[in-house]
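The structure under discussion appears below in the form of structure tokens.
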Amino acid sequence: MPPVSRSAVQATVTLEGLEVSRTLVLPAAAHLGDLHHAIQGSFGWWNAHLHQFIFTQASGAHTYEDPQMPDCDLTLVHDERLMTLALTEHRLNVFWPGSSVPTLTYVYDYGDCWNCAVTLKPMTVAGTLLKTCTAAHGVAPCEDSGGVHGYQLHLEQAAQGDPETLAWFKFMRHDPHAAVSPKSVNAQWKRYLKGEVGPHPA
């Protein structure tokens, strides 16, 4: 019996400043909060910092956050759980000719300030493909690595054999030379969903 087809949205998430991207398939009814966790799991992050989605269109920018986050004020921002991926995709890809093209940006960790450009595409897939990564490129930087420039400095120090940096990468369970594939990313995503994140135990 063939697998049942499901309405889905393909999210391509590209980290600005580094050659890192993930293509994720999620249910069309999933919301931006679900996308947040998919990005966290597929990038190997720990959901340890604040985040937001910024939807920019001709009329201005609209910010979406998790209302359970500290200091989230829903009089100033929107609830990310109320914005489905299907609706977001429609707003991104349907606009007046001649107007600026809408964009969606995911921002994680306001200190390191990881900015990810997000594109969405509607599709119909076998149910078995939902909540999976179908394409992956590059090792994502580890948590608390200082943003793009800080992480690049850590890579340079590790390449020079700096023992402190190598020990820190080990503590953070981070291998900058790890092979990246949809299979490895999906395994990493599953560990995130199980709560198997964080630094290496002492």
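Hey, any hits in segment 77-96 for a residue that's more than 20 Å from Leu15 (Cα to Cα), surrounded by fewer than 17 Cβ atoms within 10 Å (Cβ to Cβ) and β-branched (Val, Ile, Thr)?
yes
Looking at Val180, Val185, Val139, which is the one that is in a helix (DSSP H, G or I) and either under 30 Å from Val4 (Cβ atoms) or touching a residue at least 40 places away in the same chain (Cβ under 8 Å) (or both)? Outline the logic, then answer.
Details: Val180 fails: in a helix (DSSP H, G or I); Val139 fails: in a helix (DSSP H, G or I).
Going through Val180, Val185, Val139 in turn, the sole match is Val185.
Checking Pro199 against (1) outside any helix (DSSP H, G or I); (2) at pLDDT 95 or above; (3) open to solvent by 50 Å² or more (accessible area, probe 1.4 Å), only one condition comes out false. Which one?
Answer for Pro199: the failing condition is (2).
Scan segment 161-202 for residues that are of a type in the set (Ser, Thr, Tyr) and closer than 12 Å to Gly44 by Cα and report the count.
Qualifying residue count for the region: 2.
Would you be able to tell me the number of residues in segment 141-154 that are open to solvent by less than 60 Å² (accessible area, probe 1.4 Å) and either aliphatic (A, V, I, L, M) or farther than 20 Å from Trp46 by Cα (or both)?
1
Going through segment 160-189 one residue at a time, which ones are open to solvent by 90 Å² or more (accessible area, probe 1.4 Å) and either over 25 Å from the mean Cα position of the chain (by Cα) or of a type in the set (Phe, Trp, Tyr) (or both)?
Correct list: Gln160, Pro163, Glu164, Phe171.
For (1) within 21 Å of Leu193 (Cα to Cα); (2) surrounded by fewer than 18 Cβ atoms within 10 Å (Cβ to Cβ), each residue gets a yes or a no:
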{"position": "Pro3", "(1), (2)": "no, yes"}
{"position": "Thr12", "(1), (2)": "yes, yes"}
{"position": "Leu24", "(1), (2)": "yes, no"}
{"position": "Pro27", "(1), (2)": "yes, no"}
{"position": "His31", "(1), (2)": "yes, no"}
{"position": "Gly44", "(1), (2)": "yes, no"}
{"position": "Phe55", "(1), (2)": "no, no"}
{"position": "Met69", "(1), (2)": "yes, yes"}
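The values are calculated or read from the model by the stated rules, or taken from the named source; none is laboratory data. Being a predicted model, the structure only gives us computed values, none of them experimental. Glycine gets a Cβ as well: all are built from the backbone with ideal geometry, and neighbour counts include every protein chain shown. SASA here: full protein model, heavy atoms, side chains in, ligands and nucleic acids out. Shrake-Rupley method; radii C 1.70, N 1.55, O 1.52, S 1.80 Å.
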